[in-house]
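The values are calculated or read from the model by the stated rules, or taken from the named source; none is laboratory data. Keep in mind that what you see is a predicted model, and the values were worked out from it rather than measured. Neighbour counts are summed over all protein chains in view; Cβ atoms, including those assigned to glycine, are modelled from backbone coordinates with ideal geometry.
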Amino acid sequence: MQEKEFINDLFITHSNKTNLPSPFLVQNFIDTLLSVLFPAYSNKAFPSKDELKTEYFTSKQHLLNALLFVESFMDKEIEDVINEFYNDLPVLYDLLLKDAEAIEAGDPAAKNRDEVIRSYPGFYAISIYRVANLMHRLNVPFIPRILTEIAHSKTGIDIHPGATIGSHFFIDHGTGVVIGETTQIGDFVKLYQGVTLGALSVSKGMAAEKRHPTIEDHVVIYAGATILGGKTFIGNNSIIGGNVWLTESVPPNSVVYHKPQLNVEQSK
């Protein structure tokens, strides 16, 4: 194909493209929203309630600006989506406070909750996931995935917005964590870096099925563990050790660990 024809084909592709909100536009929304929710996250001071209220409505405007790009794909009016999202925001906020509480209580290195909110990548990824998950449940297209990819690019933590995650969720360190779309996670669950909660098969025909595992309450999963399959259940109060590979269910109160053969020799 000659260059002229190639450029013409590219132009046709660009002419027919879906007009989506830019990551920058979505980033403006999430940054403004988190600044309103958490003083520790904000770079702004709000000396009066009116100034805070103005920023609150600015976050609504940012959301509106993003939703205008996907309006033709939505099954609800934009105004209804915004109202439902902000009506549910107090519940989301309460969940995030419980997540921050779990991180502060579970990490000896955490000095206080403000430090968790301001600097912990796990909390940042969980915050964006919870916002994206609420939008996902409101059937907002595209934006939930853009949100979670913002967190993924900044933290290395990849949480699908369709995953179901309970309260007091703690991701420690976090780099390399992958949580698939149909994963179900209970309350007081703690994950370390490199954990994969994935699918046994990536067949497109399984899109409507539960492909990812269920993690029940008070489970700890250590670094590098891989748990796969929609029929895989990890029972309450279980501990999954580092580098474990699981494709079958584990009963409650279990300890599962991988014991490699190590050889240590003194150098000559």
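See the values below:
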{"quantity": "Filter pass, LYS204 being outside the structural domain of HIS152 (by TED's automatic domain parsing), on the phi < 0 side of the Ramachandran plot and surrounded by fewer than 18 Cβ atoms within 10 Å (Cβ to Cβ)", "calculated": "yes"}
{"quantity": "Unmet requirement for TYR41, which otherwise passes all of (1) hydroxyl-bearing (Ser, Thr, Tyr); (2) buried (at least 17 other Cβ atoms within 10 Å of the Cβ); (3) modelled with pLDDT of 95 or more", "calculated": "(3)"}
{"quantity": "Residue list for segment 212-255, filter: under 17 Å from ALA199 (Cα atoms), touching a Pro at 6+ places or on another chain (Cβ under 6 Å) and of a type in the set (S, T, N, Q)", "calculated": "THR232"}
{"quantity": "Cβ pairs under 6 Å, 6+ apart, first in segment 126-139 and in the same structural domain as ASP80 (by TED's automatic domain parsing), second in a loop (DSSP other than H, G, I, E, B)", "calculated": "ILE126/PHE169; ALA132/PRO161; ASN133/PRO161; HIS136/PRO161; HIS136/GLY162; ASN139/ASP75"}
{"quantity": "Residue satisfying condition, being of a type outside the set (Ser, Thr, Tyr), surrounded by fewer than 18 Cβ atoms within 10 Å (Cβ to Cβ) and more than 30 Å from VAL91 (Cα to Cα), within set ASN237, ASN253", "calculated": "ASN253"}
{"quantity": "Given (1) touching a residue at least 40 places away in the same chain (Cβ under 8 Å); (2) more than 17 Å from LEU92 (Cβ to Cβ); (3) touching a helix residue (DSSP H, G or I) at 6+ places or on another chain (Cβ under 6 Å), number of the condition HIS173 does not satisfy", "calculated": "(3)"}
{"quantity": "Per-region count, segment 162-181, residues of a type in the set (D, E, K, R) and farther than 25 Å from GLU209 by Cα", "calculated": "1"}
{"quantity": "Selection within segment 169-180 - surrounded by fewer than 24 Cβ atoms within 10 Å (Cβ to Cβ) and either of a type in the set (Ser, Thr, Tyr) or more than 17 Å from GLU115 (Cα to Cα) (or both)", "calculated": "THR175, GLY176, VAL178, GLY180"}
{"quantity": "All helices (runs of 4 or more DSSP H) inside segment 108-182 with 3 or more residues being touching a Pro at 6+ places or on another chain (Cβ under 9 Å)", "calculated": "121-137, 143-155"}
{"quantity": "Hits in segment 44-77 - residues which are closer than 27 Å to ASP99 by Cβ, surrounded by 16 or more Cβ atoms within 10 Å (Cβ to Cβ) and not charged (D, E, K, R)", "calculated": "PHE46, LEU52, TYR56, THR58, SER59, HIS62, LEU63, ALA66, LEU67"}
{"quantity": "Residue check for PRO108: without any contact (Cβ under 8 Å) to a residue 60 or more places away in the chain, within 21 Å of ALA163 (Cα to Cα), out of contact with any Leu (no Cβ under 9 Å at 6 or more places or on another chain) and surrounded by fewer than 19 Cβ atoms within 10 Å (Cβ to Cβ)", "calculated": "no"}
{"quantity": "LYS98 vs. criteria out of contact with any strand residue (DSSP E or B) (no Cβ under 8 Å at 6 or more places or on another chain), over 18 Å from HIS136 (Cβ atoms) and in a helix (DSSP H, G or I)", "calculated": "yes"}
{"quantity": "Unmet requirement for LEU67, which otherwise passes all of (1) hydrophobic (A, V, I, L, M, F, W, C); (2) closer than 22 Å to ASN139 by Cα; (3) in a loop (DSSP other than H, G, I, E, B)", "calculated": "(3)"}
